[in-house]
Amino acid sequence: MPTMLEVSGLGHTYKTKDGVHNAIGDVSFTVNAGELVCVVGPSGCGKSTLLRTISGLITPTVGEVLLHGDPVRGVPADLAVVFQDYSRSLFPWLSVQRNVEFPLRTRVSARAERRERAREALEWVGLSAAGGKYPWQLSGGMQQRVAIARALASRPSLLLMDEPFASVDAQTRFELEDLLLRVRAEHDSTVLLVTHDIDESVYLGDRVLVLSKSPGSITTDLDVNLPDERDQITTRASSEFVELRSEVARLLHGGEPATRPSPSVPDTAANDRFLAAERAETHSTSDT
Amino acid sequence: MSWFGKFAYRWVVFVGIVVVWQLATAAADDPFFPPPSTIANTIYHLWLSGPGSQLFLTDTVYDDVFASIGRILLGWAIAAVIGVAIGVLLGRSRTAMDYVNPLFAFARSVPSPALVPVFLVLLDIGTPAQLATIVFGVVWPILMNTVDGVRSVDPIKEETARAFRLSRGQWLLGVVLPAAAPKIFAGLRVSLSLSLVLMVISELVASRNGIGLQMLIAQRAFDYPAMWAGIVLLGVLGYLFNTVLLMVENRALSWQPERHTGH
């Protein structure tokens, strides 16, 4: 399989009032075309920073990101991002159909084709009937499906998802996870998904990358050898799944992978500040 | 409730007050307070008794009333363009507001009518000086509200726009302005009523025509019904302007849940 994404020696440091905060340390990994790779890490380990540097939204302090061989400087044209907070990333003044259509303006000049592509993308996520509605008229899960359709409409070679299912209830999360698996199977998409949910990372991923505490770096690259066809009840009950999730949990809680050196000792004060900031952020967004 | 029922419900207090006013002024028989019926009669003779070729409007409607309305709308429109344009620029800049804030705070505190003598020296008596008074007075609510609205654009929307590589124009027209629109409209409404106020004041001070001038002439000629007619006309104009702008606003912001009336 050809390599879609290559991340090497990626690190990012924020300047804050009281010095510098090392959000991600030294991250290297690759994602092959057609793969769904999950990055799982504890709160405040720099998952979001990692995703933003890969997407080109922020420029990393060190290291390099290559998307099918081309270095990423600024957001590449064939990359799409789904953010955690659908209520803030969708445009409330546009109908669902127009929300999906609007970003296509940068790549498709014909209005009719934009409309057709948006209609098609809404069909993929099962929202054909909701095109004329405004986002606030839909449930949270449906709104996130709109955001997914919007990302898919541009037919990206790489889809980045930042905790996409963290703001919906458990039942809806299962539905959206299955929707993602179905859509990526149908379109052979390459997906990099960041999550703090261990079960989710194992359930969705072909591979799981375990990120250490801040400054985040990858401690383990785990192959998920579950069958491609997955099911919320039987897969999650299977012994392979349970074993994998325990392994990921053990690694997340500081367990040592057999062959890797231990991650550098984190700056605990900086880590606490970052955690507090992220907690505040989660609070301000979860009440919508 | 029927359409008529709703209408009656909304206007019953208004009509009641007018009736009381009529009875009280008729009983008092004071020349300074003519009864509403007299004012209505004056309104008819002053403005609505013209020839059919002028849509039954008198010459003074064309010479004075339309001149005043033109000044309000033109002054307000100029202020809206300036206020929104500068507001967007300042609001999107991280530091610009820090530099100009003291200047704005000072300029905003100067009552626009106090500048009428200045404008009269600098500009022609009549429309130019009046427009300057209106624009200077009403630009601030639009400008400050635009800055506020533009600043409040959600950072996640900004990231979304960048992630989709929206151009600068698409970002400003497609994201920033719609996001700021509720605040901008609030500023526009404050400014529209203020335009009416400043129009009258500027016409009372220095004018060759207009509703304000006619009211001043009526007052100096002890023609109190005509003066009251001018007051009523200004009230009606203010009410109409606000109603029309509210309709436009409700249409433009129909996406907001609290305004949404369904398809």
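Data for the structure
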{"quantity": "Square roots of five times the Cα gyration tensor eigenvalues for the stretch A:79-155, Å", "calculated": "18, 13, 11"}
{"quantity": "Under 23 Å from the Cα of A:Lys17 - lysines, other chains or at least 8 residues apart", "calculated": "A:Lys47, A:Lys213"}
{"quantity": "Residue-wise HN-Hα coupling along the stretch A:178-185, computed from phi with Karplus coefficients 6.51, -1.76, 1.60 (Hz; x: Gly, Pro)", "calculated": "5, 4, 4, 4, 5, 5, 6, 5"}
{"quantity": "Cα long-axis angle, helix B:66-92 against chain B (0 to 90 degrees, to the nearest 10)", "calculated": "20"}
{"quantity": "Cα-Cα separations in the stretch B:156-263 greater than 18 Å, expressed as whole percent", "calculated": "65"}
{"quantity": "Å³ per residue enclosed by the Cα convex hull of the protein assembly as shown", "calculated": "218"}
{"quantity": "Gap separating the Cα centres of the stretch A:151-225 and the stretch A:15-49, nearest whole Å", "calculated": "14"}
{"quantity": "Per principal axis, descending, Cα span of the stretch A:154-193 in whole Å", "calculated": "29, 19, 15"}
{"quantity": "FRET efficiency for A:Ala33 and B:Asn101, using Cβ-Cβ distance with R0 set to 51 Å, rounded to 0.05", "calculated": "0.45"}
{"quantity": "Sequence-distant lysines (8 or more away, or on other chains) whose Cα lies within less than 26 Å of A:Lys133", "calculated": "B:Lys157, B:Lys183"}
{"quantity": "Fewest-first ranking of B:Trp228, B:Trp47, using other Cβ atoms within 10 Å as the exposure measure", "calculated": "B:Trp47, B:Trp228"}
{"quantity": "Residue (of A:Ser43, A:Ser239, B:Pro141) at the positive-pole extreme of the protein assembly as shown, dipole from beta-carbon charges", "calculated": "B:Pro141"}
{"quantity": "Percent breakdown of C-alpha pair distances by 5 Å bin, ordered from the shortest bin, for chain B", "calculated": "1, 5, 10, 12, 13, 13, 13, 11, 9, 6, 4, 2, 1, 0, 0"}
{"quantity": "Residue order, fewest to most beta carbons within 10 Å, for A:Lys47, A:Lys17", "calculated": "A:Lys17, A:Lys47"}
{"quantity": "Per-selection Rg to Rh, chain A - Cα, Kirkwood hydrodynamic radius", "calculated": "0.96"}
{"quantity": "Relative contact order for the stretch A:79-155, counting Cα pairs under 8 Å that sit 6 or more residues apart, in percent", "calculated": "46"}
{"quantity": "Relative contact order (%) - criterion: Cα under 8 Å, at least six apart; region: chain A", "calculated": "24"}
{"quantity": "Two-site label geometry, A:Ser128 and B:His45: point separation in nm, points 7 Å out along Cα→Cβ", "calculated": "7.3"}
{"quantity": "Stokes-Einstein D for the stretch B:72-164, Kirkwood Rh over Cα pairs, 25 °C, 0.890 mPa s (µm²/s)", "calculated": "167"}
{"quantity": "Scattering curve values for the stretch A:125-221, log₁₀ I(q)/I(0), Debye with Cα scatterers, q = 0.15, 0.17, 0.18, 0.24 Å⁻¹", "calculated": "-0.65, -0.81, -0.90, -1.40"}
{"quantity": "Within the protein assembly as shown: Cβ-based charge dipole about Cα centre, in debye rounded to nearest 20 (Lys, Arg +1; Asp, Glu -1)", "calculated": "1480"}
{"quantity": "Derived scalar couplings ³J(HN,Hα) [the stretch A:34-48; Karplus, 6.51 cos²θ - 1.76 cosθ + 1.60; whole Hz; x for Gly, Pro]", "calculated": "x, 8, 10, 10, 9, 9, 10, x, x, 4, x, 8, x, 4, 5"}
{"quantity": "5 angstrom amide H check on A:Val39, placed H, neighbours 5+ away", "calculated": "A:Leu193, A:Val194, A:Thr195, A:Leu209"}
{"quantity": "For residues of B:225-237, the mean tally of beta carbons on other chains within 10 Å", "calculated": "0"}
{"quantity": "19 Å Cα-Cα reach of A:Lys15 towards aspartates and glutamates, excluding residues that sit fewer than 8 places from it in its own chain", "calculated": "A:Asp26, A:Asp267, A:Asp272, A:Glu278, A:Glu281"}
{"quantity": "Amide H within-cut-off set for A:Thr220, under 5 Å, with H built and near neighbours excluded", "calculated": "A:Val210"}
{"quantity": "Kirkwood hydrodynamic radius of the stretch B:2-78, from inverse mean 1/r over distinct Cα pairs, in Å", "calculated": "15.5"}
{"quantity": "Positive minus negative residues near B:Ile134 (Lys, Arg vs Asp, Glu; Cβ under 14 Å)", "calculated": "0"}
{"quantity": "Acute angle (nearest 10 degrees) that the helix A:111-124 long axis makes with the longest principal axis of chain A, alpha-carbon atoms", "calculated": "60"}
{"quantity": "Mean separation of Cα contacts under 8 Å, 6 or more apart, over the residue count of chain B: relative contact order %", "calculated": "22"}
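Where a number appears in this text, it was derived from the coordinates with a stated rule and is not lab data. These numbers come from a predicted model, not from an experiment. Here the Cβ is made from the backbone with ideal geometry for all residues, glycine too, and neighbour counts use every protein chain on show.
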